[in-house]
1. Could you check how many residues of segment 82-99 are of a type in the set (Gly, Ala, Ser) and surrounded by fewer than 18 Cβ atoms within 10 Å (Cβ to Cβ)?
2. I'm checking my understanding of the structure. Among residues of segment 102-116 that are closer than 17 Å to Trp37 by Cβ and either of a type in the set (Phe, Trp, Tyr) or loosely packed, with under 11 Cβ neighbours inside 10 Å (or both), which one is nearest to the chain's Cα centre (by Cα)?
3. Please verify whether segment 8-27 includes one or more residues that are in a loop (DSSP other than H, G, I, E, B) and under 16 Å from Glu79 (Cα atoms).
4. Restricting attention to segment 28-44, report how many residues are free of Cβ contacts under 8 Å to residues at least 24 places away in the same chain and part of a loop (DSSP other than H, G, I, E, B).
5. Take segment 68-123 and flag every residue that is over 16 Å from Ile26 (Cβ atoms) and in a strand (DSSP E or B).
6. Just a yes or no: is a residue in segment 83-99 among the hydroxyl-bearing types (Ser, Thr, Tyr) and within 10 Å of the chain's Cα centre (by Cα)?
7. Pull up segment 67-86, narrow it to residues that are hydroxyl-bearing (Ser, Thr, Tyr) and either in contact with a Ser or Thr (Cβ under 8 Å, 6 or more places away or on another chain) or farther than 20 Å from Thr116 by Cβ (or both), then point me to the one that is modelled with the highest pLDDT.
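The values are calculated or read from the model by the stated rules, or taken from the named source; none is laboratory data. For clarity, every value in this text was computed on a predicted model and none was experimentally measured. Ideal geometry is used to build each Cβ from the backbone, glycine not excepted, and the neighbour counts take in all protein chains shown.
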Amino acid sequence: MSKDLIVTTMDLKQNYEILGMVYFQINSGGFLKSSPWQIHLKKYADAFEAMKKSGTMGTDRTWSWNETDLEKAFYISTEELKERAKTLGADAIIGLREDTDWHMDGGNFSMQMYGTAVRFAKK
């Protein structure tokens, strides 16, 4: 497993090369086992269970874990962005942005997340 990427909404006080934008979108609709929502819930089921047991989200223990679909979508989106950034050879994602749109069809939502993948300059 490769090292974990830094993900921040801010800039970093470090020299870096911009590799490109990374983007991920998911929506909470879809109850079929083959829907993207269900596929991602299954993919991250072990991580969700671990967070449920610990009562926290992430390694820094700064967010509460209430196990809502919105929190799951945020976690999934962040992890999927990290995977996309890793394929570019990134060390970090800066300028992270997130947008959630609520649908009028019974509380479903769409989440879009994006940021800039960067690689740290060699010293």
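1. Residues that pass the stated criteria total 2.
2. Phe109
3. Scanning segment 8-27 turns up at least one residue that is in a loop (DSSP other than H, G, I, E, B) and under 16 Å from Glu79 (Cα atoms).
4. Residues flagged as free of Cβ contacts under 8 Å to residues at least 24 places away in the same chain and part of a loop (DSSP other than H, G, I, E, B) within segment 28-44 amount to 6.
5. Listed by number, the residues that qualify are Ala92, Ile93, Ile94, Gly95, Thr116, Ala117, Val118, Arg119, Phe120.
6. no
7. The qualifying residue modelled with the highest pLDDT is Tyr75.
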